[in-house]
Structures are given as C-alpha cells and as structure tokens.
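This report concerns only the one structure given below.
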Amino acid sequence: MNKKIGLLLFIGIAVLVVLMFGSSVLNLYVDWMFFDETGFLTVFNTVLTSKIIASLLFSAVFLVFYLLNIFIANRIDFPLRNLNIFGDTVYPIKTLSFDKPVKWITILAGIFIGFLIALFGASKWEEILLFKNRLDVGMQDPIFNRDISFYFFALPLIETIKGFAGFTVILTGVVTTVSYFLRGGISVSERNISMHPYVRKHAGMFGIFLFGILALHFYIDSYRLLFSEHGVISGAGYTDVHTKLFTLRLLAILTAVTGIVFITATFRGSLKWVVFPAALTGLVYIGGIILYTPFLQKFKVAPNELELEKPYIGYNIDFTRFGYDLNSIELKSFDVSYNLEAKDITKNDATIKNIRLWDNNPLLKTYGQLQQIRTYYKFIDVDNDRYTINGEYKQVMLSPRELSYNDLPSKSWINERLVFTHGNGLAMGPVSRITKEGLPEFIIKDIPPVSETDIKITRPEIYYGELPNDYVVVKTKVQEFSYPTATENVYTKYDGNGGVELSSLLRRSVFAVKFNTAKIFLSSDITPESRILFYRNINERILRIAPFLMYDSDPYMVVSDKGKLYWMIDCYTVSANLPYSTRGNNGFNYIRNSVKAVIDAYTGGVSFYISNPDDVMVKVYSRAFSGLFRPISDMPEDLRRHVRYPQGMLEVQARMFTSFHMTDPKTFYNKEDLWEIPSYSDKPMQPYNTIMKLPGEKKEEYILLVPYTPSKRDNLAAWLAARCDMPHYGKLIVYVFPRDRLVFGPSQVNARIDQDAYISQQITLWGQIGSQVIRGSLLVIPIENSLLYVQPLYLSASDKGGLPELRRVVVAYENNVVMEENLELALQRLFFKGEKTSAVKEKPSEQIQMPSEGLAKEALKVYEKALQLQKTGDWAGYGEQIKNLEQILRKMAR
C-alpha cells in the first residue's frame, strides 16, 4: 500500500514536470531562433547560463539542507509511542503506523519544492549577474562610507539570500516537526508537550540557523535605514543614526549570542539558560526601537528639527540630485523685458515658423479622416521631430500608417497571416502650416507615399510597429497586399531577411504549437523559403532582448536619408537602491537615459546605442552582455540627427527639480523657493518641443521645454530647456526670471484670453451652432528676452465623426491679446503694425465688423454643407442646416 502511494505520487510529479518542461523547451527553442535572427545569441546564452546556474545553486542549497535534515529525522524510530507505561507495567497499544508514508512524502515533497526553488532561483539571474560584474561608482554613502555600488549590486542579492535562507530553514523545520509528530518523536498531552532527546537536539540545530538569520536581518536593516522615509527627508535622519542604528547593531549581536546559547542549552537539556539572552534581546528591541526612538523624535528632534536634521537634509539633496542627474542642470538668469519689435520677429523667423499649432489629439483625428485611406489602416500616435527639408530646418509632426488587424473587412487565417502583413508609409506635415480650410498641410501623404520635397520614402512597408499582432508568414505562394488604388489592389513580396526561415518540418511544427494552429504545419502556401515574422510589436521585441532596461512609452518613427523607416525608442537604466535619494512615482530613485534603441520597420533588426557612457548601470550591463551595446558614434549619422531628449525623462527630472533646485538645507526645509509645473484649465502642462534660438546662442536648435511657476502662485518663475541637437545633446538649462517683476504664467494668460470680450464672444458663438471649440495647448515661446504665448483654437462638429479644423490662433504678448486666422496675421497685428495695435479695439466699426466677418464665413460653411446633403438626398440634414443658416443670418442682421 505504501509503495503504491509513493509510486502514484512519483508518477504525478513526473507528469507535471514533463508538461512544464515540454512547454519551456519549446519556448526556449523559439527564443533561441529569435535571438539568432536578431544577432544577439550572446545575450541569450548569457541569460540562459545565468538562469541555469542560479536555479541549480538555489535548488542544490535547498535540497542539501532539506534532505539532510529529513535524513537525520528519518534515522531514528520511536517504538515507545506504541507503549503505554503505567508504573512498572508496560501496556502495548495498537496504532496505525505512519513511518514509511511520512518518510516517502517528506522526501518527494522536498524534491518537488526543490524544483519550485529552481524556478525562483532562475528569476534572480539579474541580481547574480549584476553582482558578478559590479563596478565602483566612486561615491560613498555618508553613514557607512560604503561605495554606492554596494547598494546597487550587492545589497539586493544579500536580501534575496536572507529571504531564501529564512524560507528554507522555516519550511524544513515545519516539515521535520510534522514528521516527528506523526512518527511519535513529539507527543502532546493535556499537561505538556514532550520531545524525544534526539528531537530536542535537532530542534537546537534549527534554532541556531533561525537566530543567525534573524541576526542577519537586523544587520541588513541597519543599511535599510538609508532608504527610510520621513516627513522632511528621505534617508536616515538624526533619530535613525543616533538611536536605531546602534540598536539594530546591538540586536544583531544579541541575537547571534542567543542562538549560540540556545543550541548549547538544547544539548545540555535545559533551556533556562536561553531565557536571559532572549529576554535581553526582546527588551532591547522594545526599549530601543518601539519606545525610545519615537520618544527621542518627539521630544528632542521635533522641537529642534532644522538644527538636528540639517546635515541629513543636505545628504538627501545631494543624493537626489545625483540620482536624477540634476547636478548637470545649468542655471542662468533670464532678464525678461517687453521690447520686442518687428525686426526681432523677422530676426527669429525660424522660431516663428516652427511654433507648434497642431496638438497631438486633434491632428491624430484629422490624419485619421484625411489619410487613413482604408478602414484597415490606423494612425495610433503622432510624433514630433525635426528634418532639414529643401535646405530649411523644420519641426514636423508625423504618424505611421499601421495595419489594424481588428478592422480587416474579411477575417481569415490566410488574410490575417499571409495577405495583410504590413502597414504602409506615414503622414507628415509642418507643425504650423494650415490650408485655407483650416486643415494641416502635408509634406508626405497618401499611399504610396507622395512627397514634393527632398524627403522621399523608398521602403514604406511597416512590418514591425506599435500595434500588436502575433505573427505573419512572408515569402509564401500567396501575394501580399501592398496598397489599394482607384481601380485595383497592388501586391508585393517581402524582400528582407527578417524573421525565421521555415526551412524544416520541425520548425513548422514548433511554430504551429507555439501559436496554437495547425495551419502553419499543413498550409501548402508555405515553402521552405518562407519566413515567419513574430514578436512584431516593437515594445515586446526589445523587451525580450533586454528585459533589464525600462522603455519609454512613446516610440517615434524616423525617415532615413535613403528613405527607409526606423523606430527609435529611449531606454532607461533605473534603480531603487540609491541611499538618501527621494523615490519618484514609479518607485525608483536613480534614472539615466543611457540607451537608444533603433528598430528597422521592415526587417525588425534591432540595435542598442549607449548615449550616456558615464552611467555606472550601463557600464555593468555592458560587462555582463558583451556585444549588446554599441557607442552612439556607431549609429548612422542620418539617424543620429533625430535623437531627441525624451519627454518622459524630462518630466521626471522637472518634477524633482521643483524642490531640489534648492541646495541650501535651510531653504529646502522651509520650502522658501518651492516651484511647481503650471496648470491651466485643470490640465498640467507637459514638456513640448520647439525650434528656437537659446539666449546667447547664434543658431536655432531643437529643444524640449517646460515652464515653472512658484508654488501656489500663477506667475512664471523659470523655464527648463533640454537641448536635443548634437553636439549639445542632453544639456539641461534652467532660465530663472527676476523676482522683482511679474511674468505672466499660463493660467494668467488663459484667464486673460477668457476675459477678452471679442474672443469670448466668438468661442461662445461657435459653440451654439452645432460645433465644438477645442482649445489647444498654450505654449510659452521665449524670443530674445521676451515671451510670446500662443494657443490654437480648433473647430469640430459635435458628433464623433467631426473633423478638427484649425480656425483661429490666439497670441498674447505683454498686455495685448489678439486672435486671428493664422499666426502670421496675429503677429502682424501685434508687431508689424504696432502703432495700430492698441487702436484696433477702440474703433467701434472694426469691433462690429470682425464678428460679422466671422459669421459670414460660418454662414458660407453651413450653406456648402447644406448643398452636400441635398446632393446625397439627406433632406432631414439639409433642413437642419438651413435652420442653422437662418440663425446665423439673423445674428448678422442685428
């Protein structure tokens, strides 16, 4: 019976292991082919080797400790459990024997848990790899004088080992205790719990391990003080350093001594010697941690907080500035003045031409209506970049035209996997140009891509993009759909080396199982030359190659000089283990934008380039993964021109800089100069790109900009600029406004726009005739030593199918606010006819004429729409438009 139970358990575990390993082996083979395709087999081998070593190491340690203790427990039998001794008389008791089943179960359970431990160990491969390849940072913490590398690369592994050791000892102890109990080594009566002497000694061995792990726990906690959070600072404060640190070190010693006394007392058969050190340890913990620490904080530190915490506030400032690379930010004064003239506007013509008037959301909707071409194409994002077009440096907006598999008109395996395999081209336009109808101008448009400039797309197919799709098979007997024309569909054949060649039945069967379809194996359209493209989502693709990096949420597409399409993704190295550094919303307190990833949209080829070679994290990863990273100088020059400072990185740094621009501990403590990211219309401003000439520079450049306001105030305090063009890429400058004068902030300008009678009247009027007014982003544009405020206004039908049109541009300068049909006219009113600017609103005739002119254009638009509805036979819609036209004409007649 016992043998049958053991055999059944063994067979069950074996089947489970085979099933788990079978799936793992298949996925491993698929990943091997993927890494071979992308040229990163060394990365695959490094990770796999590290996982195997880590799993074997953790599993071996667990099994040795566990099985050794189980072997010790199983060596002895307890025959007295079947006897009842009463005086000098011994009575035998018939009981059911659990000895053999218990021994088998504990051994098999240990083997199974060892397998799970192996999986746990494999998940810790990165910690082991970082520890093995660690490098010194060259910066020490102020309390223990340890190099920061200890916290980055050693402490996480030490904590993992501590947790693993505690789990191993406790689990083994519990299983051993249950085994002893079931086999009679431990007996429980109404009066007491009795142990066999052999069991008592064995328990003593567990005691020394448990006390040792507890001592290690207190020792590690002393380092963890440097990551504690207080109301004033992040990191160890006065109370931590002068009370908690000493108490934790004392507890580590006392716990170790208690463990030694415990095992000694256990072997002597008397546990009374353990009472004193154990009680002393408990008293120290209660007195030092629970009672004295808060007492000291409340009655000594709190009344003298600034004086006592001042050095620790300084540590918090220094390490947070290091963690978020804020020390590289250069501070400059911006002596704002309002003396712009027409000649200054002309002088900064490149800046004016590149003021962004199109916001992402309205433009995305407009692109979708004008350039989607077919329902199965989709624009999912609009990116901002700069190009030299016909010799002129321009800021552009562009959006890739990807294939949406959810919107295919006829869904079948052949259509989804063999025919419709890729997107096609992109839409690109200048950021500030509009047509007479209020629609964006195009630099590149249509399918196949049409361009009247020197930017040409020669390889428009997008096989790898942001839209998710499992796989497609190319180079089959079935032609691939390329693009539609007015009369017929045009087909193509894949001509790249991307994907894995389905050159054997083995590979076809593996992918059939991988993607859960027999069609890959059975299809006669697939030949030995066919290639399967998988992991086509660019975020998933690079994550599988380098899972230890954090990736930006906004990949953007680049057109190379040869007309090929590439995706560019910013990659970050992050850590949550920098002492005294304040954690951000994502939980980390160290971040660097150290890597740029480039993905070929046609072949899926991936390259990683190091953009910050001074980052210690990327140095360690480079040591661990030889051949993964390349210097940014190896990036093709036509792609390097499109490297940009990531918006996500600047947002993190900008938030931290609101507090940590204050480097004096007293100022920081009192929050005397606290800043914040401004908001208007209940929307926080986001960093935005523009082309401008920075103060003191001779040439326009592409920058990322975000303004600051003083905390709980609306006027501007400063603006932060991140330079994107080589050779100044990555340099951050904060321009600080003088405190002795008022500089309008976004919310103040927004309020002045709302208070302008003419603008308010127009916006209200547009909203009453079935249209929706969309107010675009309010941009602060520095020009010379002055500031321009620009906000576009879009008009769209209220229904979901409305096409956003850019109908007005509002420009504010000093105390003047104007609204015109485009930016040029607004600037003309402000500067080129400066002597008439203030008189525009004083003339009653002009004040009446301008709204009438606007109503006339609105009436013409409604009339044209009515004619269109009449032609299509939509008489209900036609009648509605005639009513709208009547209302507009009545308003014009007033």
Study note, to complete from the structure: Sorted list, accessible surface of protein heavy atoms, 1.4 Å probe, largest first, for PHE442, PHE62, PHE71, PHE668 is PHE71, PHE442, PHE668, PHE62
Revision key, fill the gap. In Å², rounded to a whole number, the accessible area per residue of the chain with probe 1.4 Å is 47
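Membrane-span-like helices in the chain: DSSP H runs reaching 18 Å or more (Cα, own axis), mean Kyte hydropathy at least 0.5? Don't skip to the answer; put the middle values down first.
Values: long enough: 2-38 (53 Å, 1.27); 41-74 (47 Å, 1.78); 99-122 (35 Å, 1.51); 155-183 (42 Å, 1.22); 197-224 (40 Å, 0.55); 245-268 (35 Å, 1.74); 272-284 (19 Å, 1.47); 305-323 (25 Å, -0.49); 647-660 (19 Å, 0.16); 844-872 (43 Å, -0.68); 875-893 (27 Å, -0.56).
TM-like helix candidates: 2-38, 41-74, 99-122, 155-183, 197-224, 245-268, 272-284.
Can you tell me the dipole magnitude for the chain around its Cα centre, using point charges on the Cβ only (Lys, Arg +1; Asp, Glu -1), in Debye to the nearest 20?
It comes to approximately 2840 debye.
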**Study point:** Interchain or long-range residues, amide H under 5 Å from GLU676's placed H
**Key:** THR709, SER711
Review point. For the residue pair ILE220 and LEU889, what label-to-label distance in nm results when each label sits 7 Å from Cα along the Cα-to-beta-carbon direction?
Key: 8.3
Study note, to complete from the structure: Distance in Å, no decimals, from the C-alpha centre of the stretch 158-182 to the one of the stretch 569-590 is 34
Review point. Toward the positive end of the charge dipole of the chain, about the Cα centre and with charges on Cβ (Lys, Arg +1; Asp, Glu -1), which of ILE545, TYR735, LEU398 goes farthest?
Key: ILE545
Practice item. Counting residues in the stretch 524-624 as N, plug N into 2.2 N^0.38 Å and put the Cα Rg over that result. Key: 1.33
Point to revise | Projected label distance in nm at SER798 and LYS712, using a 7 Å step from Cα toward the beta-carbon | key: 4.1
Point to revise | Label-point separation, PHE144 to LEU48 (7 Å along Cα→Cβ), nm | key: 3.7
Study note, to complete from the structure: Net charge (Lys, Arg +1; Asp, Glu -1) of residues whose beta-carbon lies under 11 Å from that of GLY368, GLY368 excluded, is +3
**Study point:** Eligible aspartates and glutamates near LYS347 by straight Cα distance, threshold 17 Å, same-chain separation 8 or greater
**Key:** GLU392, GLU697, GLU700, GLU701, GLU784, GLU824
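Residue separation times 0.36 nm, minus the C-alpha to C-alpha distance between LYS411 and ASP682: what's the value?
That pair, LYS411 and ASP682, stretches by 93.2 nm at full extension.
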Point to revise | 13 Å beta-carbon shell around VAL809, net charge (K/R +1, D/E -1) | key: +1
Practice item. Mind scanning LYS445/LYS861; LYS332/LYS564; LYS103/LYS514; LYS132/LYS162; LYS103/LYS201; LYS353/LYS456 and naming the pairs with a C-alpha gap bigger than 30 Å? Key: LYS332/LYS564; LYS103/LYS514
Check your understanding: Evaluated at 25 °C with a viscosity of 0.890 mPa s, what Stokes-Einstein diffusion coefficient in µm²/s does the stretch 700-796 have when Rh comes from the Kirkwood expression over alpha-carbon pairs?
Key -> 157
Check your understanding: Along its principal axes, what span do the Cα atoms of the stretch 437-560 show, with the longest given first and each in whole Å?
Key -> 57, 46, 24
Study note, to complete from the structure: Taking only protein heavy atoms and a 1.4 Å probe, the highest-to-lowest accessible-area order of LEU860, LEU704, LEU439 is LEU860, LEU439, LEU704
Practice item. Just the number, please: carbon plus sulfur as a percent of the accessible area of the chain, 1.4 Å probe, no ligands or DNA/RNA counted. Key: 57
Exercise for review: With a cut-off of 11 Å, note down the residues of the stretch 735-750 whose backbone N falls inside the zone around a label point 7 Å from the Cα of SER786 toward its beta carbon.
Suggested key: none
Review point. Which three semi-axes in whole Å describe the equivalent ellipsoid of the stretch 144-266, each the square root of 5 times a Cα gyration tensor eigenvalue, listed largest first?
Key: 37, 16, 13
Review point. If you take the charge dipole of the chain about its Cα centre, with +1 on Lys and Arg Cβ and -1 on Asp and Glu Cβ, which of VAL450, PHE62, HIS230 is farthest toward its positive end?
Key: PHE62
Review point. Rounded to two decimals, what is Rg over Rh for the stretch 201-245 when you use alpha-carbon atoms and the Kirkwood radius?
Key: 1.25
Study note, to complete from the structure: Env charge @ THR160, Cβ radius under 12 Å, K,R +1 / D,E -1, value -1
Exercise for review: Calculate the translational D of the stretch 450-520 in whole µm² s⁻¹ from Stokes-Einstein, where the hydrodynamic radius comes from the Kirkwood formula applied to all Cα pairs, the temperature is 10 °C and the viscosity 1.306 mPa s.
Suggested key: 105
Point to revise | Length-normalised contact order for the stretch 391-457 - Cα pairs under 8 Å, 6+ apart - percent | key: 29
Review point. At 222 nm, what helix-only mean residue ellipticity would the chain give, in deg cm²/dmol to the nearest 500, using -39500 (n - 2.57) for each DSSP H run of four or more?
Key: -13500 deg cm²/dmol
**Study point:** Packing-based ranking, highest mean first, of 419-432, 379-392 given that Cβ atoms within 10 Å are counted
**Key:** 419-432, 379-392
Study note, to complete from the structure: The answer for ALA601, listing residues at least 5 apart or on another chain whose modeled amide H is closer than 5 Å to its amide H, is LEU565, TYR566, TRP567
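R0 = 41 Å: FRET efficiency of GLU488 with ASN585, Cβ-based, nearest 0.05? Before the final figure, lay out each step's value.
On the way: r = 53 Å, r/R0 = 1.29.
The pair GLU488/ASN585 has a calculated efficiency of 0.20.
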Practice item. State the label only: which of (i) 43, 34, 30; (ii) 70, 32, 26; (iii) 64, 40, 25 corresponds to semi-axes √(5λ) of the Cα gyration tensor in Å computed from the shown model? Key: (iii)
Revision key, fill the gap. Residue span ARG200 to PHE832: 0.36 nm per residue of separation minus Cα-Cα distance leaves a gain in nm of 217.8 nm
Exercise for review: At 0.36 nm per residue, minus the direct Cα-Cα distance, what do ASP335 and MET726 gain on full extension? Give it in nm, one decimal, please.
Suggested key: 138.1 nm
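The values are calculated or read from the model by the stated rules, or taken from the named source; none is laboratory data. What you see is a predicted model; the values in this text were computed from it and never measured. All Cβ positions, even for glycine, are placed from backbone atoms using ideal geometry, and neighbour counts span all protein chains on display. Surface accessibility is based on the protein's heavy atoms, side chains included, excluding ligands, DNA and RNA. Shrake-Rupley method; radii C 1.70, N 1.55, O 1.52, S 1.80 Å.
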